[in-house]
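Here the structure comes first, spelled out in structure tokens, and everything after it is commentary.
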Amino acid sequence: MKPNELTAPDIDRLVVDLADQGEFHVHRDVFRDPAVFELEMKYIFERNWVFVGLDSQAPNPNDYFTTWVGRQPIIVARDKHGKLGAFINSCAHKGARIAHHRDGNAKQWVCSYHGWAYDTAGACIYIKDQDAGCYAEPFNKLDHGLKKVKFGQYRGFLFASLSDDVPPLDEHLGGAKELLDLVWDQGPDGIEAIPGVSSYTYNANWKMQVENCIDAYHLTSCHPSFMNIVSRRKAGESDNKQVKSIDFNLMSQVKGGGYTFPRGHAVGFFDNPVPQERGLYQHHDELVARVGEQKARWMYAGRNLTIYPNVQFAENASLQMRVIRPLSVDKTEMTIYCLGAKGESDAAREIRVRQYEDFFNTSGMATPDDTIAYEDCQVGFKASVLTQMQGYGRGMTNVVAGADERATEVGFTPATSSTGPFAMQDETVMFGGYRAWKKFIKDGLAADGVA
């Protein structure tokens, strides 16, 4: 189907939410139909708040970095006065990209095509040969600056929206703010991206990554090599003494679960049986004195948080930030970072980095397993004779509306809660993303007059 042929009833057909009757279905076209992908780009990524980075990525005046909001190239910059903002990375004259690097520091950007120049507040400060250009008065009245993008910040987390018609950022984040606090408050001055960043692509739909982050069920079947290696390390069969790895074989002894939020955010978690093996534990006394025992316990827990639609903070080993960029219905770009507390000790930083390299990095033992699984699914989606999947049933009789006792420990209010033995490996945690997916697209269609 073409995007303009899809209507609200089609979207209702693709995600069937009968959770109150024990059923929740996602049609395979959600992952394989290019027309669906076009609607996602238009109504989810380009009419919504999208994560664009951390303030630590541009800490000084005139620092900047480049990224994307949906299909639109943008610059996030701190101007000479220290104010952060976001702009479309396109010259007003002929549309050329003006900032070519991933990041840097520059008092101005000069377009390499015709020489127009812009400062880091987005203002056009020079038009080459303007006086000799014989420009008419209508041209002189134009705003020649870079197009500004709506910009918001929560703690050190930066967001942008191509549309002004979005709720306030605080409302968009809702109860997930307290979960972002568990990331940010790991250091008294917040967290930062540790130098070194990796980007890679996989040949599958972007929502495979959204699901995987909160999918506990895949752990033992998708990552057995990692689990076996850790078991051998624990048994003294390895000379690798650098890595303090969490033993996933202990998961049968702990509790876990997941929480969803109204605008698609979700978190999966499990209690950590060996918190002393986390880099953060190196500052245990300071942490507890600053945030309290309860919050510190949640910081040590394994937590995989998705802030919908495009950023994830994974903390089952080290602390990883993943930024999702959909390229097509069956191709996705990932950019991943290791995060750490600002000012943490060398010992804490080394533990974080070694755990990140071991599990999360592109050369680690988890990421290749996951991306192969995504691509296997995308190949399977080519089976057009099949429409539904059976991957949203675990936890159905356990999930409850609102906050359960665990959520109240750190004061967040989810839309749904599902906690219990880790072996339950809940899948209802995925419902919130699809409920938001459905709402964003249907609201967009309605705004555009499509019934």
**Study point:** Computed [θ] at 222 nm, helices only, for the chain once each DSSP H run of length n ≥ 4 contributes -39500 (n - 2.57)
**Key:** -7000 deg cm²/dmol
Check your understanding: What nm distance separates the two modelled labels at Asp346 and Ala401, each placed 7 Å from Cα along Cα→Cβ?
Key -> 5.6
Check your understanding: Per the Kirkwood treatment, what hydrodynamic radius in Å, one decimal, follows for segment 220-346 from the mean inverse distance over all distinct Cα pairs?
Key -> 16.6
Review point. Each residue of segment 307-317 in turn: what ³J(HN,Hα) in whole Hz from Karplus with 6.51, -1.76, 1.60 and θ = phi - 60°, glycine and Pro shown as x?
Key: 9, 5, x, 9, 9, 9, 10, 9, 9, 7, 8
Practice item. Treat each spin label as a single point 7 Å out from the Cα along the C-beta direction, and report the Asp285 to Glu5 distance in nm. Key: 6.9
Exercise for review: State, as an integer percentage, the relative contact order of segment 204-336 based on alpha-carbon contacts under 8 Å between residues 6 or more apart.
Suggested key: 27
**Study point:** Label-point separation in nm, Gln130 to Lys148, each point 7 Å along Cα→Cβ
**Key:** 1.9
**Study point:** Top positive-direction residue, dipole computed over segment 114-177 with Cβ charges, set Cys134, Tyr118, His172
**Key:** His172
Check your understanding: If contacts are Cα pairs under 8 angstrom and at least 6 residues apart, what is the relative contact order of segment 265-424 in percent?
Key -> 16
Review point. Mind checking which aspartates and glutamates have their C-alpha under 18 Å from Lys244, skipping anything on the same chain fewer than 8 residues away?
Key: Asp271, Glu277, Glu315, Glu344, Asp346, Glu350, Glu357, Asp358
Practice item. Could you list Arg102, Arg97, Arg47 in order of exposure, starting from the residue whose Cβ has the fewest other Cβ atoms within 10 Å? Key: Arg102, Arg97, Arg47
Check your understanding: Using Cα atoms only, what is the angle between the long axis of helix 346-355 and the major principal axis of the chain, expressed in degrees (0 to 90) to the nearest 10?
Key -> 80
Revision key, fill the gap. Shape call for segment 50-154, from the Cα gyration tensor axes a ≥ b ≥ c (a/c under 1.5 means rounded, otherwise prolate when a/b beats b/c, else oblate), comes out prolate
Exercise for review: Would you work out which of Pro368, Gln108, Gln186 lies farthest towards the positive end of the dipole of the chain? Charges go on Cβ: Lys and Arg +1, Asp and Glu -1.
Suggested key: Gln108
Exercise for review: Give, to the nearest whole percent, the P(r) tail of segment 253-311 beyond 18 angstrom, counting all Cα pairs.
Suggested key: 43
Exercise for review: Rounded to the nearest 10 degrees, what's the angle between the helix 224-234 long axis and the longest principal axis of the chain, both from Cα atoms, 0 to 90?
Suggested key: 60
Practice item. Report, in degrees rounded to the nearest 10, the 0 to 90 angle that the Cα long axis of helix 367-380 makes with the longest principal axis of the chain. Key: 80
Study note, to complete from the structure: Expressed in angstrom, Rg and Dmax over the Cα atoms of segment 18-97 are 18.4, 57
Point to revise | Distance violations [Cα-Cα > 20 Å] among Lys42/Lys439; Lys80/Lys177; Lys94/Lys128 | key: Lys80/Lys177
Check your understanding: If you take the square roots of the eigenvalues of the alpha-carbon gyration tensor of the chain and sort them as a ≥ b ≥ c, do you get rounded (a/c under 1.5), prolate (a/b over b/c) or oblate?
Key -> oblate
Practice item. Output the relative contact order of the chain, whole-number percent, from Cα pairs under 8 angstrom with separation of 6+ residues. Key: 20
Point to revise | Estimated dipole of the chain in Debye, rounded to 20 [Cβ of Lys and Arg +1, of Asp and Glu -1, Cα centre] | key: 680
Check your understanding: Where in segment 103-190 are there trypsin sites (Lys or Arg not before Pro) that are in a DSSP coil and have at most 13 other Cβ atoms within 10 angstrom of their Cβ?
Key -> Lys107, Lys128, Lys141
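Taken together, the values in this text are just the output of simple stated rules run on the coordinates, not laboratory data. Values in this document were obtained by computation on a predicted structure and should not be read as measured data. As a convention, Cβ positions derive from the backbone with ideal geometry for all residues, glycine included, and neighbour counts pool all protein chains shown.
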